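Report on one structure; see the data block that follows.
Since every read-out is calculated from the coordinates, none of them should be taken as a lab result. If you're wondering where the values come from, they're calculated on a predicted model, not measured in any experiment. For neighbour counting, all protein chains shown are included, and Cβ atoms are generated from backbone atoms with ideal geometry for every residue, glycine included.
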Amino acid sequence: MGILYGISFAIALILALIMTPLVKRFAFAVGAIDKPNYRKVHTRIMPRLGGLAIYIAFVGAVLIALPFVPEGTLRHYDLNMIRAILVGGSIIVIVGALDDRFELSAKVKLVGQIAAACVVVFGFGVKIDLLNIPFGESMQPVASWLSIPLTIFWIVGVTNAINLIDGLDGLAAGVSGIAIATILTMAAIMGFVPVILLSTILLGGVIGFLVYNFHPAKIFMGDSGALFLGFCLATLSMLGFKQVTIVSFVTPLLIIGVPLSDTFFAIIRRWRSKKPIFAPDKGHLHHCLQELGFGHRNTVLIIWGIAAFFGGCAIVQSTLTQSHAANWITFVVICILTFCLQIGAELIGIVDKSKRPILDLLFRNRLKTHAESRTK
């Protein structure tokens, strides 16, 4: 299987390297282009549809690899899971490609995403069946009335989260690649063949595309790529090993911590300014870092580093879920990350550039301590 994983990765990588220039020509031919405006960083017309190259590389490598998987390695449920990602991902890519060309409304795209999630849940029976909440009992079954909407909400939410951070060359592809590598590591530790195979192939496609997408980009992944990667991450990150489950309440959130936190802060920011949740703005993490003076590449690399940190925490968290101290470790991780996220948000002004309650409190306490020490 190790040889098959390596060959599958290479096939996806090569397919992405070959297909991306062809997709670039196709994007120009059909008018799927991105024009500069006040919100965007690029200053020239760029082709979209780059996600098609990732999708073709992924599907092609999966179809080539599956016949060589030893008989009996994949159960019927595992094959169903693979089919769910292929079919649901195809719907997502079609919706994204149409948006890259015709700029669909947010409502139309949402309907397409819900349709893809429903295919996964109802068409192939892939859903969150078990839930493990810190300080709760071990794996508890989730009732169908809750399991189905929870799964659909998770898939749609993560799919959109990746799309929201797609604002700089190589940003969404790199963050997605790090999240995929995190899932791959966790699956390898637990020996879950389907997730190892899918993650390996998807990572190869992303890296191959990233050759053309890193700054200065020659092509954008567009919604076809951002939505497809978000959909794949949503599906793979909720997959438990041997069964679909949230292994720990925190682990899947950590895997995609950067896009989820950026989305959370965007919702808060727009709610505070009384703007629609889906209204675009220039307050995302990458915008704030650039306003602080970081260049294009450095901004991307900083966010990649944050994503890698989240990924590392997810791996540690998943490996400790069976230990007696798992609940306390989870609690500590939640507290530390929540505090760090709040401090980071206040430092860069991702929610409000004028209000910094925690930093102001720390500053006042420091002044008070300093004044008391001087009086003594």
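Close amide H contacts of ILE33 (hydrogens built in the peptide plane, cut-off under 5 Å, sequence separation of 5 or more or a different chain): ARG48.
Loop-located trypsin sites (Lys or Arg not before Pro) in the range 49-121 (DSSP state other than H, G, I, E, B) with a sparse environment of at most 11 neighbouring Cβ atoms within 10 Å are absent.
With an a/c value of 1.5 or above and a/b not larger than b/c for the gyration tensor axes a ≥ b ≥ c computed over the alpha-carbon atoms, the range 1-114 is described as oblate. Of LYS109/LYS275; LYS35/LYS274; LYS109/LYS218; LYS24/LYS107, which sit over 24 Å apart, Cα to Cα? Over 24 Å apart, Cα to Cα: LYS35/LYS274; LYS109/LYS218; LYS24/LYS107.
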